[in-house]
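Okay, so here's the structure we're looking at.
The values are calculated or read from the model by the stated rules, or taken from the named source; none is laboratory data. Please read these numbers as outputs of a predicted model, since none were measured by experiment. Cβ: placed from backbone, ideal geometry, glycine included. Neighbour counts: every protein chain shown. We work out accessible area using only protein heavy atoms, side chains counted, and drop any ligands, DNA or RNA first. Shrake-Rupley method; radii C 1.70, N 1.55, O 1.52, S 1.80 Å.
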Amino acid sequence: MITWLFDLFNITISLIILFILYCTCYLIKHIRELNAIPGTWQLAFSPLKLPLISPYLYLGSYKEIFDLANRIGDPITKLLRISMVTNNTLFISDPHHLKEIVMKQGHLLGKPNIIYEMLNIFGWNILTLSDREEWKKHHHIVSPGFSEENMKYLCDVTVDSTDILMKKKWLNFQTENNSATIGQPTNTKNNFFIDLNPDRDLTDLTLDILGKAGFGYNFGIFNEEESTFQPSNTTSKASAQQEQKEQYIYHHSFREAVSLTLRRTTLIKRFLSREPFYSLALKLFNCYHATNDVSHYIDELIEKRKLEKIKDKTDILSLMVYSNELVEDKLTNEEIKSDALIFILAGHETTTTTLQWLMFELCRHPEIQEKMREEINKVLPNKEKPKIEHFSQLHYVNQVIKETLRLHPPVGGVGKIAKTNLKLGNITIPKGTHIFVNIYGLHHDKNYWTNPQEFNPDRFDESNKEGISPIIIKPLTFIPFSLGMRKCIGSQFSLYETCMIITRCLQFMSFKFSPEMKVEPHEVKGKQIITIKPTDDFIIRIEPLEQQVREEQLVNLQEKNITEKSNVVTISSLP
């Protein structure tokens, strides 16, 4: 027995030594391959920051990478290498490098599965596909949904949905409540406000917009009774052994199913994509039914669209289905479903994130908020509803949105992989190298932005005022939606949507930091799952605009009374 245990111990030690030697050999190999590029090493990528294993590159390490590139990367270009056992990863944040690698050699780049697998919940899609020809096929089917005519429809839907949010939640002060409660309106005799973390409400808002403009249905996000989409509760499941219909029972509302899929399923898919571990993890973390619900919701939407006369429909899904019927090389239902899921997950998530950071900056800079409101009132007098034609007239509003996207890009970067050897100047980048377009690093580089940590919308002022030349934004230095042929197809969708929402909100409300915030504004950090959102410490106070006007008038009146009393005292004291 003792001999058997001793042999087992020796075998275990031998395997550990072999594993360490294996890791060391490949790590040295990768370091030598790109030793000409400044950098460091770690053993592997992981979800958490772990000493030795993943001290630099881990999930949500965008600021760590930015600091590392400034500390040990190339002093001019900030080019940085991190070598691991599995591969090298290059972080690029120099416009010249982006032009040389992404623009000129973009056809030689693919999408690394290790990064994009988390978004392949229902299979390959327009975002995750590496094959150029397959991507073109998806792009051809999807692009009609983002036409100018459809963007006009989007803007109208966005304003209407924003009105519903304000009426049902943010400006709903029908009952008197004297104690401030996070997320609940407070209505006292002289004061009306609501304190909340805006993440949930903004997520609901963008999801409501996406349901109507993206899929042509009201999913009852704000009121389930108003839903125009009634799931059949049954779907057909055919197999070789079984032909009868089985009943499918939905476990979650559309909003709940999407939320769980976004926040849990994607992370599980990222790190446990192989079966049976994937299915087991979905059940363990209570998102198995939610993921199936989303699948069945989208299946039913696609089937409904195929049965309807969809020529005159203006939502994205209808146009996708219609476009698909017109081509020979059609997308399968699963491919259409996977594309639709990407619009749901990425579409509303990026806009929600941008809006949260935008509101955060407006709370920090009330003078910018007021300047935006002045422009809005000038372009849209008497609280006129904004439309697509007003977008180009709201110059300062769009400057603020762009500056928000610069300082707080929703996505820290975009991952790519070299499908063959590439050239970067005199350096050969080997096949299989991961190339990370460091959007956060580029947007915060002092070589291209004056005082990059400062929130300054005037950076994007393209006008020529009082003889002062406009600031010139250098090409490839502002890329919140990536760049090149694979730039986000929904970028204009997001810009229109953000502009309409914040414009409509500022016509009726003011934003400020809530006294209920447990941290100082500068302590609010970014947290990353798919996008980089503010942490839950961010609590905003929303007040009706009329109340703010009344408060300012009251302050002015009090100051006037104090001045008059002071004058009376001064006069009476004269000899």
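Sorted largest first by accessible area at a 1.4 angstrom probe radius, with every protein chain in place, the residues 384, 117 fall in the order 384, 117. Listed by chain and number, the aspartates and glutamates placed with their C-alpha closer than 18 angstrom to that of residue 518 are 195, 199, 361, 536, 537; residues fewer than eight positions away on the same chain are left out.
Over all other residues within a Cβ to Cβ distance under 13 Å of residue 400, the charged ones net out to -2, with Lys and Arg as +1 and Asp and Glu as -1. Each label point was placed 7 Å from the Cα along the Cα-to-Cβ direction; for residue 46 and residue 250 their separation is 4.1 nm. When the Cα gyration tensor is reduced to axis lengths a ≥ b ≥ c, the ratio a/c is 1.5 or higher for the range 340-394, and with a/b not above b/c it is classed as oblate. Taking every DSSP bridge with both residues inside the range 24-136, close to 55 percent are antiparallel.
Note on the range 367-427 and the range 1-59: Cα centroid distance 43 Å, given to the nearest whole angstrom. FRET efficiency for the residue 333 to residue 3 pair, using the beta carbon distance and R₀ = 51 Å, is estimated at 0.25. Helical content of the chain, expressed as a calculated mean residue ellipticity at 222 nm, amounts to -13500 deg cm²/dmol (DSSP H runs of 4 or more residues, -39,500 (n - 2.57) each, divided by residue number, nearest 500).
Using a 1.4 angstrom probe on the protein heavy atoms only, line up 259, 510 by accessible area, largest first.
I get 259, 510, largest accessible area first.
Which entries of 137/330; 371/402; 416/533; 63/419 have Cα-Cα distances beyond 18 Å here?
The pairs that break the limit, which is 18 Å between Cα atoms, are 416/533; 63/419.
In order along the range 74-79, the phi-based Karplus estimate (6.51 cos²θ - 1.76 cosθ + 1.60, θ = phi - 60°) of 3J(HN,Hα) comes to 4, x, 9, 8, 6, 4 Hz; Gly and Pro are listed as x.
Taking all protein chains as shown and a probe of 1.4 angstrom, residue 132 keeps an accessible surface of around 100 Å².
Backbone phi angles across the range 256-261, fed through the Karplus curve with coefficients 6.51, -1.76 and 1.60 (θ = phi - 60°), yield HN-Hα couplings of 5, 5, 5, 4, 5, 5 Hz in residue order; Gly and Pro are listed as x. With the gyration tensor restricted to C-alpha atoms of the chain, the semi-axes of the equivalent ellipsoid amount to 44, 33, 26 Å, longest first. Taking amide H as placed 1.01 Å from N in the peptide plane, residue 525 has its amide H under 5 Å from the amide H of 535, each at least 5 places away in sequence or on another chain. The Cα atoms of the range 331-473 give a gyration tensor whose axes a ≥ b ≥ c have a/c of 1.5 or more with a/b no greater than b/c, which makes the shape oblate. From the alpha carbon centroid of the range 487-541 to that of the range 96-163 is 24 Å. Surface exposure of the range 25-161, expressed per residue as accessible area with a 1.4 Å probe, stands at 45 Å².
Here the contact order of the chain, divided by its residue count and restricted to Cα pairs under 8 Å and six or more residues apart, works out to 18 percent. Computed over protein heavy atoms with a 1.4 angstrom probe, the accessible surface ordering of 50, 424, largest first, is 50, 424. In the full protein context, the range 354-418 carries 36 Å² of accessible surface per residue, based on a 1.4 Å probe and ignoring ligands, DNA and RNA.
Among the protein heavy atoms of the chain, carbon and sulfur supply 56% of the accessible surface, probe 1.4 Å, non-protein parts ignored.
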